[in-house]
Amino acid sequence: MSNGSIQLFPSPAFAGKWHAQWVLNAVLPTPRLEFEMNRDVRSTPGECEANQFPVDDHFGDAHGIPRLNHAILSYSEVRTGAGFDWKVSPIVTFSGEIGYHRTGNFDFYRANIRYHQDGGFSIRNDLAARRV
């Protein structure tokens, strides 16, 4: 795969309720279990995340490892804790999460460099708007 190409891989996905308030959102790259408190607020007890992206052309030079220039980073982590999504309006959603990162893996597989991160506490929040 060259840096300019895109590869798509099909994967199974499932999202659905098995109880009035519990939602299994098993859609990659961030499958998670959600508890729907009401129509506008969802709580997330934990999730997994995986992603892959190219790093900057001079990333390796900036960090003293030139073979990381033009590298592809694969990233995965498992988090537990509490999170929420609040639909402030039909087009604005505020999200937050506080929890513990159990593991984190960083794999520059083309450069054959891998890092493993042990757990740690984290706080995250987002404000997103979409066009109607």
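Where a number appears in this text, it was derived from the coordinates with a stated rule and is not lab data. Since the structure is predicted, the reported quantities are computational estimates derived from the model, not experimental observations. Because the Cβ atoms are built from the backbone with ideal geometry, glycine has one as well, and the counts that use them run over all protein chains shown.
The selection criterion, being surrounded by 14 or more Cβ atoms within 10 Å (Cβ to Cβ), among the basic types (K, R) and either without any contact (Cβ under 8 Å) to a residue 40 or more places away in the chain or in contact with a Gly (Cβ under 7 Å, 6 or more places away or on another chain) (or both), does not hold for R114.
Determine whether F59 is surrounded by 14 or more Cβ atoms within 10 Å (Cβ to Cβ), in contact with a strand residue (DSSP E or B) (Cβ under 8 Å, 6 or more places away or on another chain) and aromatic (F, W, Y). In short, no. For segment 35-48, the tally of residues that are under 19 Å from H116 (Cα atoms) and hydrophobic (A, V, I, L, M, F, W, C) stands at 1. Scanning segment 56-102 for residues that are closer than 29 Å to N38 by Cβ and not in a strand (DSSP E or B) yields V88, S89, P90, I91. Residues that are in contact with an Asp or Glu (Cβ under 9 Å, 6 or more places away or on another chain), assigned to a strand (DSSP E or B) and in contact (Cβ under 8 Å) with a residue 40 or more places away in the chain do occur in segment 44-54, at least one of them. Considering only residues in segment 85-116 that are more than 17 Å from the chain's Cα centre (by Cα) and of a type in the set (A, V, I, L, M, F, W, C), the one that is nearest to Y75 (Cα to Cα) turns out to be F108.
For Y100, state whether it is surrounded by 14 or more Cβ atoms within 10 Å (Cβ to Cβ) and under 30 Å from W22 (Cα atoms).
Values: surrounded by 14 or more Cβ atoms within 10 Å (Cβ to Cβ): no; under 30 Å from W22 (Cα atoms): yes.
Criteria not met by Y100.
If you filter segment 49-67 down to residues that are aliphatic (A, V, I, L, M) and under 22 Å from the mean Cα position of the chain (by Cα), you find that the one that is farthest from Q117 (Cα to Cα) is V55.
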